[in-house]
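No value in this document is a laboratory result; all are computed from the given coordinates. All values reported here derive from a predicted model rather than from experimental measurement. Cβ atoms come from the backbone with ideal geometry, glycine included; neighbour counts cover every protein chain shown.
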């Protein structure tokens with residue numbers, strides 16, 4: 001979403017759309033915090049953590065390094081696991 005190709009786009013509306021999308025994501029995190037589905041705290045910081053974690057999982061999958069034997073399952077499974085841990089606090093699944 002914020003990679004070199006997007007940043008280098010000659011179309012400012014592309015960057016604006018990406019930032020609006022991310023702000024919507026931060027808002028969704030804040031909504032989940034309000035109803036207790038995610039831990040309390042700074043929604044922008046938590047959104048950044050989730051985004052970075054999922055981005056890393058996708059990057060590993062694209063590089064061919066997401067193998068079940070290494071507990072690096074597909075990115076969607078990693079995302080669900082992250083949300084499960086966050087939803088249960090420090091106790092984990």
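Roughly speaking, what is the stretch gain from residue 30 to residue 62, that is 0.36 nm per residue apart minus the C-alpha to C-alpha distance, in nm to one decimal? Could the numbers behind the result be given before it?
Details: separation 32, 0.36 × 32 = 11.52 nm, distance 2.97 nm.
Gain in length upon complete extension: 8.6 nm.
Set the Förster radius R0 to 22 Å, insert the Cβ-Cβ distance between residue 83 and residue 11 as r into 1/(1 + (r/R0)^6), and round the FRET efficiency to 0.05. Mind dumping the intermediate values first?
On the way: r = 33 Å, r/R0 = 1.51.
Efficiency for this residue pair is about 0.10.
Which order do the peptides 38-44, 8-14 come out in when sorted by mean C-beta neighbours inside 10 angstrom, highest first?
Numbers: 38-44: 14.4, 8-14: 9.4.
Put in order of decreasing packing, that is 38-44, 8-14.
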- Task: Arrange the following residues from fewest to most other Cβ atoms within 10 Å of their Cβ: 67, 15.
- Result: 67, 15
- Relative contact order %, the range 4-91, counting alpha carbon pairs below 8 Å whose residues are six or more apart: 21
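Based on a Kirkwood Rh over C-alpha pairs, give the Stokes-Einstein translational diffusion coefficient of the range 4-91 at 25 °C and viscosity 0.890 mPa s in µm²/s. Mind showing how you got there, number by number?
Values: Rh = 14.6 Å.
Answer, rounded: 168 µm²/s.
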